[in-house]
Amino acid sequence: MNKNNTENNAKVNVIAIDGPAGSGKSTIAKLLAKRLGLNYIDTGATYRAITLLALKNNVDLDNEKEILKLAKDAKIEIDSNPKDEQSYTKVILNGEDVTEEIRSNLVGSAVSIVSKLPGIRKFLVNFQRSLANKGASVLEGRDIGTVVFPNAVLKVFLTAKNEERVKRRLLQESKKNLDADFNKIKKEIETRDKIDSTRKDSPLKIAEDAIIIDSTNLTIEETFEKIKDIYLKKINSKN
Ligand code: DC
């Protein structure tokens, strides 16, 4: 093994949390960040921001060239303060606060289309790595353990039964939208899961060395404790 390979194989102090929509990634990632003093990075927010940029500029969602141009010219500021687990990552796009707008149904149904584009993924993976430059971090997404940080010290694939994931999203949604509907959310989650797991470039899949946690019957605290214990063991054995 040459020197470069050795360096590339060195583990980085990153917790990678991947999993399907509604599996509890955000809640757990924020809790880990808050209690263990890590940076929290919501990579889904970066795909949502670029999707909003495409929508605002009336660019076709599969027009990679145009979207990439817009993305390269844009100023995207992500402020991931995990102190309040309920709040979203603050996203400023070209000076405008789009934190709420990137969570709209419109963006939700368009984001899987934009996130299929390889050029956009490449651009955003670099951006996400730069966000994690500040030190020990927890990143959540779909390809963190497989693509963004394949050398993460801990990789978790967080999942939960479909019905439970829909129920969690419904609970979240009904806090802001009285018309939130179980069947509509179920359909939206199923469609997104399908596109995210079958796309050619970096599909949602379980990294070989990931720990799989099914949180269907676990509380948030139980899930947190499980991950925290494994992380601390890994970190301590690394030093
Ligand atoms: O986690 P989220 O629901 O905010 O993610 C929105 C979409 O972004 C998701 O449907 C797929 C895409 N995504 C991705 O392809 N890779 C990531 N690392 C994170 C999100």
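Bear in mind that the values in this text are calculations on the coordinates, not laboratory data. No experiment lies behind these values; they were computed from the predicted model shown. Note that each Cβ is placed from the backbone with ideal geometry, even for glycine, and that neighbours are counted across all protein chains shown.
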Item to check | Cross-link partners of residue 56 among aspartates and glutamates (Cα-Cα below 19 Å; sequence separation of 8 or more within a chain) | outcome: 64, 66, 73, 77, 96, 97, 100, 101
Next on the checklist: What does the net charge come to around residue 149 if you take all other residues with beta carbon closer than 9 Å to its beta carbon, with K and R at +1 and D and E at -1?
Outcome noted: +2
Checklist outcome for this item: Flagged as over-length at 19 Å C-alpha distance, from 34/228; 34/75; 167/228, the pairs are 34/75; 167/228
Checklist outcome for this item: Helix-only [θ] at 222 nm, the chain, -39500 (n - 2.57) per DSSP H run of 4+, per residue, nearest 500, equals -15500 deg cm²/dmol
Checklist entry - Sorted by packing (mean other beta-carbon atoms within 10 Å per residue), highest first, where do 73-84, 35-46, 166-177, 104-115 land? => result 35-46, 104-115, 166-177, 73-84
Item to check | Proximal aspartates and glutamates to residue 83, defined as alpha-carbon separation beneath 17 angstrom and excluding residues fewer than eight positions away on the same chain | outcome: 42, 140, 221
Item to check | Among 104, 166, 145 the positive-end extreme of the charge dipole of the chain (Cβ point charges) | outcome: 145
Checklist entry - Given the Cα-Cα distance of residue 221 and residue 195 and 0.36 nm per residue of separation, how much length would full extension add, in nm? => result 6.3 nm
Checklist entry - Suppose every K and R has +1 on its Cβ and every D and E has -1 on its Cβ; what is the size of the dipole of the chain about the Cα centre, in Debye to the nearest 20? => result 500
Next on the checklist: What whole-number distance in Å separates the alpha-carbon centres of the stretch 200-216 and the stretch 118-156?
Outcome noted: 14
